[in-house]
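Let me begin by presenting the structure, written as structure tokens, before commenting on it.
Since every read-out is calculated from the coordinates, none of them should be taken as a lab result. Since the structure is predicted, the reported quantities are computational estimates derived from the model, not experimental observations. Positions of Cβ are backbone-derived with ideal geometry, glycine not excepted, and every protein chain shown enters the neighbour counts.
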Amino acid sequence: MKIPMVDLAMQYQALKHELDNAVLEVMQDTRFILGPNVNLFEQEVADYLGVSHAISCASGTDALHLSLLALDIQPGDEIITTPFTFAATAEAIRYVNATPVFVDIDERTFNIDPQAVSEAITTKTRAIIPVHLFGQPADMQTLLSICEAKGINLIEDCAQSFGAHIDGRMTGSWGQMGCHSFFPSKNLGAFGDGGMITTHSESLAERLRMLRNHGSRVRYQHEIIGYNSRLDEIQAAILRIKLKHIGSFNNNRRRVANTYNELLKDLPLTTPDETKGTHHVYHQYTILSSQRERILNALQDADIASAIYYPVPLHRQPAFVSASRMPSLPTSEYVCEHCLSLPIYPELEELQIQEITSMIRKVLLD
Ligand SMILES: *Cc1c(COP(=O)(O)O)cnc(C)c1O
């Protein structure tokens with residue numbers, strides 16, 4: 001039985017009628033840019049995440065870039081982040097000619113280690129960007145208190161964590177800004193690119209609204225240099241429908257993760273950690289194994305997908321080597337050499353999970 005990493009067709013089929021109608025309505029209405037669905041979607045996301053403002057933009061990468069511009073980050077400023085993430089987190093730092101300072105991660109959560117963050121702070125440090133990797137919230141209580149004590153900005157990369165929370169407080173509502181992605185395969189996925197910045201700050205929200213739309217508050221009055229980075233009205237209409245189901249999508253991801261945990265628990269591999277008090281939303285289900293090549297190959301032979309997120313930490317990537325302070329980061333390097341992500345999506349069924357885990361069992365115990 002063929003099993004992909006994600007199956008976007010099933011979600012479309014389930015909501016087809018509503019989604020088709022929403023797209024048709026936008027086409028008939030013809031307000032394609034910054035129309036009513038964009039406004040409503042921003043309000044609905046702000047309500048869902050418990051923030052005062054949500055400003056949509058063209059992608060998660062742009063959300064990160066715009067958030068650094070909104071803070072007026074300057075060339076040479078240092079931004080502390082994790083090397084175990086998608087490249088976009090650090091690319092955004094380079095777009096404003098700031099220096100990414102990579103620090104090591106916690107082996108259990110895959111997220112940035114607050115102790116390592118503390119040790120990396122210098123007089124040039126302007127912000128910290130934790131990533132809630134794979135849907136597991138980073139240790140926000142500790143990071144927030146570090147940032148408050150030092151007067152440093154906290155920007156959350158929530159591209160993989162829409163709907164995740166710590167004791168009920170949503171990711172994207174902890175820092176000065178939270179950056180979200182609606183890339184199709186993310187937990188809340190559009191039918192194309194899309195992004196969002198959430199914030200409690202009225203002044204940051206105002207700056208972000210200008211930055212995403214040519215530096216303009218009033219048409220043809222350009223106060224600052226801005227960009228063309230807007231969420232399409234069609235995408236907003238689609239996302240408004242999917243947002244109503246995000247709780248159920250995420251709970252189904254959690255169901256899949258729990259089934260995996262149960263079926264893998266006696267095997268010599270490490271299943272993902274869910275820190276006490278956190279609501280992990282399992283954008284990925286990622287195990288650690290010294291046998292990952294054998295597992296990957298056996299699954300591939302059975303037409304079952306699996307993927308290595310991420311094979312090379314960013315401090316070892318050519319794009320970032322010269323621009324970053326680059327110590328050795330042993331935990332990140334270890335995790336990159338042992339991680340393997342298994343198929344996960346809300347519609348993945350018990351029987352499919354059993355097939356996947358019995359293949360892994362065979363590889364490890366035969
Ligand atoms: C997907 C992703 C991004 C970028 O989002 P896009 O919408 O694809 O630009 C940034 N950070 C992380 C951790 C991501 O997974």
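Counting every alpha-carbon pair across segment 138-217, the share separated by more than 21 Å comes to 36%. Over the chain, all Cα pairs binned in 20 Å intervals from 0 give whole-percent P(r) values of 30, 57, 13, 0, listed from short to long.
Here Glu349, Glu107 are placed in order of increasing Cβ neighbour count within 10 Å, fewest first, which gives Glu349, Glu107. The relative contact order of segment 119-161, computed from alpha carbon pairs under 8 Å that lie at least 6 residues apart in sequence, is 54 percent.
Each of the chymotrypsin sites (Phe, Trp or Tyr not before Pro) that DSSP puts in a loop and that has at most 15 other Cβ atoms within 10 Å breaks the chain; the longest unbroken stretch is 33-219.
By counting other Cβ atoms within 10 Å of each Cβ, how are Asp72, Asp232, Asp157, Asp104 ranked from fewest to most?
Values: Asp72 10, Asp232 23, Asp157 30, Asp104 26.
Exposure proxy ranking, most exposed first: Asp72, Asp232, Asp104, Asp157.
Computed on the chain, with alpha-carbon pairs under 8 angstrom and 6+ residues apart, the relative contact order is 23 percent.
On full extension, the segment bounded by Gln13 and Ile241 gains 80.8 nm, given 0.36 nm per residue less the C-alpha separation. Charged neighbours of Pro343, selected by a Cβ distance under 12 Å, balance to -3 (K, R count +1; D, E count -1). Taking each residue as 0.36 nm, the span from His222 to Gln354 lengthens on full extension beyond its C-alpha to C-alpha distance by 41.7 nm.
For Phe183, what is the net charge nearby, where nearby means another residue's Cβ is under 15 Å from its Cβ and Lys, Arg count +1, Asp, Glu -1?
Numbers: positive: Lys186, Lys242; negative: Asp62, Glu91, Asp157, Asp193, Asp232.
Local charge sum for Phe183: -3.
For segment 144-210 and segment 334-366, what is the separation of their C-alpha centers, rounded to whole Å? If we compute the Cα centre of each part, the gap is 30 Å. Shown here for segment 272-366: trypsin sites (Lys or Arg not before Pro) in loop regions (DSSP other than H, G, I, E, B) with at most 13 other Cβ atoms within 10 Å, namely Lys276.
Quick one: net charge around Phe86, please, counting Lys, Arg +1 and Asp, Glu -1 for every other residue with C-beta under 13 Å from its C-beta.
Details: positive: Lys186; negative: Glu91, Asp157.
Counting the neighbours of Phe86, the net charge comes to -1.
Here is the list for segment 1-95: trypsin sites (Lys or Arg not before Pro) lying in DSSP coil, each with at most 12 other C-beta atoms within 10 angstrom of its C-beta, are Lys2, Arg31. Of all the options Ala237, Ala138, Ala116, the one that moves most in a Gaussian network model of the chain with Cα springs shorter than 10 angstrom is Ala116.
Longer than 27 Å from Cα to Cα, which of Lys186/Lys276; Lys242/Lys265; Lys186/Lys244; Lys2/Lys265; Lys124/Lys186; Lys2/Lys186 are they? Say none if no pair is. Beyond 27 Å between Cα atoms: Lys242/Lys265; Lys124/Lys186.
As a proxy for reagent exposure, ranking Thr81, Thr61, Thr122 by other Cβ atoms within 10 Å from fewest up yields Thr122, Thr61, Thr81.
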